[in-house]
1. Condition first: assigned to a strand (DSSP E or B) and more than 28 Å from K146 (Cβ to Cβ). Can you find one or more residues in the stretch 56-63 that meet it?
2. Contact list please: Cβ distance under 9 Å, first residue in the stretch 125-146 and without any contact (Cβ under 8 Å) to a residue 60 or more places away in the chain, second residue surrounded by 16 or more Cβ atoms within 10 Å (Cβ to Cβ) and hydrophobic (A, V, I, L, M, F, W, C), pairs at least six apart or on different chains.
3. Which ones in the stretch 41-61 are within 18 Å of T82 (Cα to Cα), polar (S, T, N, Q) and surrounded by 21 or more Cβ atoms within 10 Å (Cβ to Cβ)?
4. Going by the structure shown, is G109 crowded, with 17+ Cβ neighbours inside 10 Å, among the small types (G, A, S), farther than 19 Å from Q138 by Cβ and free of Cβ contacts under 8 Å to residues at least 60 places away in the same chain?
5. Answer yes or no: is there a residue in the stretch 113-125 that is crowded, with 16+ Cβ neighbours inside 10 Å, within 13 Å of I144 (Cα to Cα) and either out of contact with any Ser or Thr (no Cβ under 9 Å at 6 or more places or on another chain) or of a type in the set (S, T, N, Q) (or both).
6. What is the residue count in the stretch 95-147 for residues that are modelled with pLDDT of 95 or more and part of a strand (DSSP E or B)?
Amino acid sequence: MLTYWKVASLGVLGLMCSAQASLAQSPKSSESINVPADQVPYKDVGIGKLQLGTVWGDSSKGAYGAFLRIPAGFVSPVHLHTGDYYAVVVEGTVVNFEEGHPEILLGPGSYFFQRGKIDHVTKCVSNTDCLFYMSQSQSSDFIIRKK
């Protein structure tokens, strides 16, 4: 069973990492860029209907920043990420919690930090889709906890 989850997690990681577009490539240090919200290139990540819109870096190789769109009512499986990530809620109401900790409602403008290698659940508890901006200093992964 553990092998299945490892393979499934690697498949999801591959999909997440393929969410790169030319827009997301690091600009030359002398350039500034502006990206209108309707031009952020979203890609399905292979977990429910989650979509990742990378705006800088490369989530398959290292540091990156991206918007994560979560459909209303979505509840992730218990999972972890190898590295820490930082997030700010842009739309909707998100709950991100570790087992045994309270579920705190996070609306637009709220911030959360998720330590790497810690099991947690992420939910979109609003009637509309949720959107949060996240950044991570290393490549992205999504490892589902075995039952």
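The values are calculated or read from the model by the stated rules, or taken from the named source; none is laboratory data. This one's a predicted model, so the numbers in the text were calculated from it and none came from an experiment. Virtual Cβ from ideal backbone geometry, glycine too; neighbours counted across all protein chains shown.
1. Among the residues of the stretch 56-63, at least one is assigned to a strand (DSSP E or B) and more than 28 Å from K146 (Cβ to Cβ), which makes the answer yes.
2. The qualifying pairs are V125/V94; V125/V95; S126/V94.
3. S59, the sole residue that qualifies.
4. Here the answer is no, as G109 does not meet what is asked.
5. The initial filter retains those residues of the stretch 113-125 that are crowded, with 16+ Cβ neighbours inside 10 Å, namely 114, 120-125.
Cutting the leftovers down to within 13 Å of I144 (Cα to Cα) gives us 120-122.
If we keep only those that are either out of contact with any Ser or Thr (no Cβ under 9 Å at 6 or more places or on another chain) or of a type in the set (S, T, N, Q) (or both) as well, we get 122.
There is at least one residue in the stretch 113-125 that is crowded, with 16+ Cβ neighbours inside 10 Å, within 13 Å of I144 (Cα to Cα) and either out of contact with any Ser or Thr (no Cβ under 9 Å at 6 or more places or on another chain) or of a type in the set (S, T, N, Q) (or both).
6. Residues meeting the conditions: 20.
Each row is one residue, and each column tells you yes or no for (1) within 20 Å of K117 (Cα to Cα); (2) modelled with pLDDT of 95 or more; (3) under 11 Å from the mean Cα position of the chain (by Cα).
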| position | (1), (2), (3) |
| --- | --- |
| V35 | no, no, no |
| D38 | no, yes, no |
| G48 | no, no, no |
| G57 | no, no, no |
| G62 | yes, no, no |
| L68 | yes, yes, yes |
| A72 | no, yes, no |
| V75 | yes, yes, no |
| V78 | yes, yes, no |
